[in-house]
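Visitor: First, the structure itself, so that you have it in front of you.
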């Protein structure tokens, strides 16, 4: 349940009431603001209708200046509203609006000091866990690793045809992976003991299970975000696919174990492709798309390019892995 609040000139209140009647929302009321000739129109909307109502409001007020639209979550309503029939619920693609998803996903794709420090700390913890063969320490590193945001933002940006978001997510993702590789390589360079621990060696080869985990991680991340569930657990799932292979790659490069580094690099590449491909397909299944026709055209082109790119990369990597195993 959401309250959509529109702060605009009072002359637009009738337009908003018409939208409320058209979409049969639960309640609609108008409240004057402290500013003269300005009103706050509030609409109590079911989750399955909020995207359509938001799109209608934006289309009606698209060229109107000085309009503010707010989304306010509602914890409960008394008396309880009657439930829609099962067919209507099944037909709806998502329970969170595109705007809510955008706000949350963009914040997780920012390349700032917090992201850099969290990548730095999580990489150090992961490297120590891998070197000490400690599963608990590796899991702890994945809990704090901020790798979910930029990968999901890549898929979300292409779903909306938002090239600016795609570029920002790409830069953040690349910076995080490069930083993790450099830090772990420095640790591997100075590590005095053997690097052949079970936790390390398990990340120097690609298996079917790793691909499945990465695909499931990307899809689960999108489904949890679209449903409004907590993303902390799926963030750990994505970190499972990305952080340990990255740390292993750096450690092996630092120690001069280039054969093992190649295997870890292949695993990382396969997992990145799998996470992004699954996330993109999940956004398509959940019906996340732009509002206007022009934006939809751009997003459709972006979708085709994105899916083909990651699918081709994944196929090439799998073929390369099979050939490597054959020649061994």
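Just so it is clear, none of the values below were taken in a lab; they were calculated from the coordinates. Quick caveat, the model's predicted, so the values are computed rather than measured. Positions of Cβ are backbone-derived with ideal geometry, glycine not excepted, and every protein chain shown enters the neighbour counts.
Visitor: What order do you get for 266, 252 when you list them from fewest to most C-beta neighbours inside 10 Å?
Guide: The most exposed by this proxy come first: 266, 252.
Visitor: Contour minus end-to-end for residue 202 and residue 121, with contour as 0.36 nm per residue of separation and end-to-end as the Cα-Cα distance? All intermediate terms of the calculation are to be shown ahead of the outcome.
Guide: Working: separation 81, 0.36 × 81 = 29.16 nm, distance 2.22 nm.
Result for the pair: 26.9 nm of gain on full extension.
Visitor: Using the count of nearby Cβ atoms within 10 Å as a rough guide to exposure, how do 75, 100 rank from fewest to most?
Guide: Values: 75 5, 100 20.
So the ranking, lowest neighbour count to highest, is 75, 100.
Visitor: Angle, helix 208-227 long axis vs. longest principal axis of the chain, Cα atoms, 0 to 90°, nearest 10?
Guide: 20 degrees
Visitor: Once you order the gyration tensor axes a ≥ b ≥ c over the Cα atoms, which shape class does segment 2-91 get: rounded for a/c under 1.5, otherwise prolate or oblate by comparing a/b with b/c?
Guide: prolate
Visitor: Another one. Could you work out the relative contact order of the chain, using alpha carbon pairs under 8 angstrom and six or more residues apart, expressed as a whole percent?
Guide: Computed over the chain, the figure is 18 percent.
Visitor: Okay, moving on. Can you give the FRET efficiency for residue 60 and residue 163, using 1/(1 + (r/R0)^6), R0 = 25 Å, r = Cβ-Cβ distance, to the nearest 0.05? The partial results should precede the final answer.
Guide: Values: r = 27 Å, r/R0 = 1.08.
Result of the calculation: an efficiency of 0.40.
Visitor: Measure nothing but the geometry: give the 0 to 90° angle between the long axis through the Cα atoms of 293-327 and the longest principal axis through the Cα atoms of the chain, rounded to 10°.
Guide: Between helix and principal axis, roughly 20 degrees.
Visitor: If you don't mind, there's one more thing I want to ask. Answer with a single label: of (1) 23.6, 78; (2) 30.2, 100; (3) 20.3, 73, which was calculated as Rg and Dmax of the Cα atoms in Å from the structure in view?
Guide: Correct label is (1).
Visitor: Still on this model: Ranking 34, 27 by Cβ neighbours within 10 Å, fewest first, what do you get?
Guide: 34, 27
Visitor: What whole-number distance in Å separates the alpha-carbon centres of segment 155-217 and segment 21-75?
Guide: 42 Å
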